Structure formats: C-alpha cells, structure tokens
Amino acid sequence: MSRQLKFNIFRYNPQDPDSVPHTDTFLLEETPSLTLFIALNKIREEQDPSLQFDFACRMAICGSCGMVINGRPGLACKTLTEELPEEITLMPLPVFELVGDLSVDTGSWFRTTNTKIESWIHTDKEFDPNAIEERMENDLANAIFELERCIECGCCVAACGTANMRDDFIGAFALNRIARFMLDPRDERSENDYFDVVGTDQGVFGCMGLLACEDVCPREIPLQDQLGILRRKMGFIGLKNIFKPKAKAVG
C-alpha cells in the first residue's frame, strides 16, 4: 500500500513586497521510485503552478536542484521519497541569495568565489593551437579528475558552519578547487601564491573541521582529505616564511 506524503515547503518571493516567509503544505500519493524532483514537478503541475525550484539535468550532474531536505542539504533529483519519512520539509539552501521559494542564486556566489581564488591555469606559456598536448601520468590525471568532479551544487557551502556565519569564507568548494590546481603541473603559481589565496582565516584556517561538507557532497568528493592536506601544506609554508633567513643589508 502506497503512502500519502505530506510536504511542508518554504514559500517566499523576495520580489513581492506583500510576500512573507511561510510554509505551504501539499499532499501527494507516493509512487514507486519517486524522487523529490518528480514529486515537486507533480505538485507544481497538479496543485500550485507558482511553486519555484530549480532543475536541469535530473541526473545529479548539473547541481541545480540543491535544497535542504528535512534539515540536510541534498539534491532533489537524487533523493528518493522512500528513503524519507511520510512528512517531508523542504527549505532553500542557506548562504546563497534567495530567488524565490526553493530557488537560490548559486551562480553569482560561485562566479565571485572562482574569481577570488583565480580558478584557472596560471602560465606564461603562449598558447599554440598546433602544439602536441602535454603528457601527464595516468595517476596524476586521475587524481586531478577526482577533484574536478564537483558540480557546484552548493550543498557543501550550505552545510558549512563557518560559511553560514561568515560571508568572507571561501568554503570547501574553493579549497578543493585550489587543491586541484596545486596538483596540476601546468599551473606555474608558487607555493606563496597559493598561500596568499587559501592560507588565511578566510581560507583553510577558517575551517572548523565539522565534516558536514563531505557528509552532504552528492559526488562523494574526499573534501576533508583535501582540507587536511591543504592545512598541513599552508602551515608548513607559513612556518618557512616566518623562519626564512633575512637578507643582509648592503652598506
């Protein structure tokens, strides 16, 4: 016998001066293999066409459908209702600007953060479209790919205690991104260049180590491993800079 699901969904349109934050309740009959993505579409199509939420790929690749599901950030398209109780509460991801209801603007946050950490290959080499591709060992390529699997869904940021308290913290996403470039032999930044980006309280030393980012990552990226490695590397670089021999004055 199928269950009747009760959805408590956050509603608020910041563009409407008459709108106030509240929750609306919707009832829906559970069907086999029902995901939250399908359930929300059924609610919008059959009960309330004004309901706002984001989606694109439906396959946990685009990261658009991130939301807080019974208090835990996750992807609607990857969450089966059979894994949840009969009463389901859906809220928008915190930290990001609210567009309306369950829809948030993750794009602006990620664009700003990527610019802040200069998320691109730094090299003085002039691009030659006719050159043969540079070789890379398979193990190194796989290690870089492991960190490239991030889909920028925002779940790790929404679950982060520091990011929820401070808007200057770059979050696990950015630290993982920097770790990827530190592995890449094509990036010519020095260790001090990396230290300037993430060796601060706004970077790796602002992390409280609560493990929530890795716990909610839908791609199961080893974020805490990278945070630990980065913390050790940045600490070592900082110590080297403190105890670096000072140049003798010429006179």
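A short reminder: the numbers here are calculations on the coordinates, not readings from a lab. A quick note: this is a predicted structure, and the numbers were derived from the prediction, not measured. A quick note on method: Cβ atoms are made from the backbone with ideal geometry, for glycine too, and the neighbour counts reach across all protein chains shown.
Compute the length gained on full extension between ASP193 and ILE61: take 0.36 nm times their separation in residues and subtract their Cα-Cα distance, giving the result in nm to one decimal.
The span from ASP193 to ILE61 would gain 44.4 nm if fully extended.
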Counting only C-alpha contacts under 8 Å and six or more residues apart, can you give the relative contact order of the stretch 4-104 as a whole percent? 33 percent
Starting with the highest mean, order 219-227, 173-181 by the number of other Cβ atoms within 10 Å, averaged over the residues of each peptide. 173-181, 219-227
Tell me, what is the percent relative contact order of the chain, built from C-alpha pairs under 8 Å that lie six or more residues apart? 16 percent
Place a point 7 Å from the Cα of LEU80 along the Cα-to-Cβ direction; which residues of the stretch 1-38 have their backbone N under 19 Å from it? 1-6, 29-38
Considering the chain, which cysteines have no disulfide-compatible partner, defined as another cysteine with its Cβ under 4.7 Å away? CYS65, CYS77, CYS150, CYS153, CYS155, CYS160, CYS207, CYS217
Cα convex hull of the stretch 154-223 - mean projected area over all directions, nm²: 4.7 nm²
Between THR200 and ASN138, with labels modelled 7 Å along Cα→Cβ, what's the label distance in nm to one decimal, could you check? 4.2 nm
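Which of rounded, prolate, oblate describes the chain, given a ≥ b ≥ c as roots of the alpha-carbon gyration tensor eigenvalues and a/c under 1.5 marking rounded, otherwise prolate only if a/b is larger than b/c? Before the final figure, lay out the partial values.
Working: a/c = 2.50, a/b = 2.03, b/c = 1.23.
Prolate, because a/c is 1.5 or more and a/b exceeds b/c.
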Calculate how large, on average over all directions, the projected area of the Cα convex hull of the stretch 4-104 is; give the answer in nm² to one decimal. 6.2 nm²
Rounded, prolate or oblate: which one fits the stretch 54-121, using the alpha carbon gyration tensor with axes a ≥ b ≥ c (rounded when a/c is under 1.5, else prolate when a/b beats b/c, else oblate)? prolate
Cα lying deepest toward the dipole's positive end in the chain, options PHE243, PHE127, ASN13, charges on Cβ: PHE243
Separation between Cα centres of the stretch 1-69 and the stretch 140-166, rounded to whole Å: 25 Å
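Which of rounded, prolate or oblate describes the stretch 85-163 when judged by the alpha-carbon gyration tensor and an a/c cut-off of 1.5?
prolate
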What is the helix-to-structure angle for 36-46, meaning the angle in degrees between its Cα long axis and the longest Cα principal axis of the chain, kept from 0 to 90 and rounded to the nearest 10? 40 degrees
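What FRET efficiency comes out for GLU87 versus ASP124 if R0 is 51 angstrom and r is the Cβ-Cβ distance? Round to the nearest 0.05. Spell out each step's value before the answer.
Values: r = 58 Å, r/R0 = 1.14.
Here the calculated transfer efficiency is 0.30.
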Relative contact order of the stretch 140-251, pairs being alpha-carbon contacts under 8 Å that are 6 or more residues apart, as %: 31 percent
Find the all-direction average of the projected area of the Cα convex hull for the stretch 117-242, expressing the result in square nanometres with one decimal place. 8.7 nm²
Given a Förster distance of 22 Å, report the FRET efficiency between ARG232 and MET208 from their Cβ-Cβ distance, rounded to the nearest 0.05. 0.85
Sorted by mean Cβ packing within 10 Å, highest first, what order do the peptides 110-118, 146-154, 162-170, 14-22 take? 146-154, 162-170, 110-118, 14-22
Cross-link candidates for LYS42: which aspartates and glutamates have Cα within less than 13 Å, leaving aside residues fewer than 8 places away along the same chain? GLU29, GLU30
Round to the nearest 0.05 the FRET efficiency obtained for ASP215 and ARG111 when R0 = 22 Å and r is the Cβ-Cβ distance. 0.30
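So between SER33 and SER2, what do we pick up on full extension, going 0.36 nm a residue minus the alpha carbon distance?
Numbers: separation 31, 0.36 × 31 = 11.16 nm, distance 1.16 nm.
Full extension of this stretch gives 10.0 nm more.
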